[in-house]
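Written below as structure tokens is the structure these notes are about.
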Amino acid sequence: MMLLVDAGNTRIKFGWVEQQSGRREAVALTLDHAAVGQLPHWLAQLPAAPIAALGVNVAGAPIRSAIESLLALHTCPITWVTSRSEALGVRNRYQSPDQLGPDRWVSMLALAQRARNTGANQTTDPTAEPVLMLASFGTATTIDTLGPRLRFEGGLILPGPELMRTTLAQATANLPQAQGATAAYPTDTHGAIATGIAAAQAGAVLRQWLTGLEHYGSPPRVYSAGGGWPIVRQETIALLAAAQTRLGLPITPIEWLPAPVLDGLARLACEQ
């Protein structure tokens, strides 16, 4: 059994995979950074002791060291994945591949499997290659595109929904830590902030979707991930559906991915 570790900016997710069978955890363990000491209790409840771990870390050196120390107590060495120019058939078009966040890179490896499945299930044009987008709403929001022939085309990075909310409250004299509902024309400050945040996030998703449509001539399939998704879900779905309707395209639902980084790590682990 291989342990899977996704050390993000705010939280850490842990999963596992049986490399021969591909069997995965039913539910990933999610811990705040301060709670990483709970990991040994979870490890003790696994169906088997992991022999090694595979992970990505964007949380910095202290979290990396804390995880390594806890796993060392269980004789479970960890290998940290870094971004490469190519892996599992996915090509990285970043100018300097190693500068791409490893969480974004590994998520593209997970998305590649969905691209293969989508291509195999094409009914109108068997030769068409799908274009896939992943919008991940964490501490930072990232919106990445996997193009034909499994090329990672690049993507956007912007502050995540909660970071936008917190920054407005901390960097201004009179704006609150807003907890309002979105509206077409907000008439209170909480609603204005909530709507502005959702509109900014949804607008970035729509921008990339339209870019993909223009560049490739076919609409990208959109996937979502991250803890901030509930904050922007309604606005993003509505904005994308409105654009699809105006262009005479079928309304395609946005598919939620609970743990794309762990999914990508599992693919890598099973190839070892």
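Just so it is clear, none of the values below were taken in a lab; they were calculated from the coordinates. Nothing here was measured: the structure is a model prediction, and the numbers come from that model. Glycine gets a Cβ as well: all are built from the backbone with ideal geometry, and neighbour counts include every protein chain shown.
In whole percent, what relative contact order does region 16-112 give with Cα contacts below 8 Å and a gap of six or more residues?
21 percent
Tally Lys/Arg at +1 and Asp/Glu at -1 over every other residue whose Cβ is under 15 Å from the Cβ of Ala53; what's the total?
Taking every other residue near Ala53 into account, the sum is -1.
Grab the Cα-Cα distance for Gln38 and Ala241, subtract it from 0.36 nm times how many residues apart they are, and report the gain in nm with one decimal.
68.9 nm
With label points built 7 Å along Cα→Cβ from the Cα atoms of Ser218 and Gln19, find their separation and express it in nm.
Each label point is offset 7 Å from its Cα along the Cβ direction, giving 3.5 nm.
When DSSP beta bridges are limited to those with both residues in region 31-160, what percentage is antiparallel, rounded to the nearest 5?
Here the share of antiparallel DSSP bridges comes out near 75 percent.
May I ask for the distance between the Cα centers of region 65-111 and region 1-43, given as a whole number of Å?
For region 65-111 versus region 1-43, the Cα centre distance is 15 Å.
Quickly estimate the mean residue ellipticity at 222 nm for the chain, helices only: each DSSP H run with n ≥ 4 gives -39500 (n - 2.57), and the total goes over all residues, rounded to 500.
That calculation yields -12500 deg cm²/dmol at 222 nm.
Kirkwood hydrodynamic radius, computed over distinct alpha-carbon pairs, for region 126-259: how many Å, to one decimal? Show your work: numbers first, answer last.
Working: mean 1/r = 0.0642 Å⁻¹.
It works out to 15.6 Å.
Given that just one value was derived from the coordinates, which of (1) 6, 27, 32, 23, 10, 1; (2) 7, 29, 37, 24, 3, 0; (3) 7, 30, 34, 20, 8, 1, 0 is P(r) over Cα pairs in 10 Å bins from 0, in percent?
Among (1) 6, 27, 32, 23, 10, 1; (2) 7, 29, 37, 24, 3, 0; (3) 7, 30, 34, 20, 8, 1, 0, the one calculated here is (1).
Work out the FRET efficiency for Ile157 and Gln179 from their Cβ-Cβ distance, taking R0 = 25 Å, and round it to the nearest 0.05. The partial results should precede the final answer.
On the way: r = 26 Å, r/R0 = 1.02.
E(calc), rounded to 0.05, equals 0.45.
From the Cα gyration tensor of region 8-161, with a ≥ b ≥ c the square roots of its eigenvalues, which class applies: rounded if a/c is under 1.5, or else prolate if a/b is larger than b/c, or else oblate?
Prolate, because a/c is 1.5 or more and a/b exceeds b/c.
Taking the highest mean first, how do the peptides 144-155, 32-43 order by number of other beta carbon atoms within 10 angstrom per residue?
Per-residue Cβ counts within 10 Å, averaged per peptide and sorted highest first, yield 144-155, 32-43.
Taking Cα pairs under 8 Å and at least six residues apart, what relative contact order does the chain come out at, in percent?
Working: 471 pairs, mean separation 48.0, N = 272.
Once normalised by length, the contact order is 18 percent.
For Trp80 and Leu249 in one chain, what is 0.36 nm times their gap in residues minus the Cα-Cα distance, to one decimal in nm?
56.7 nm
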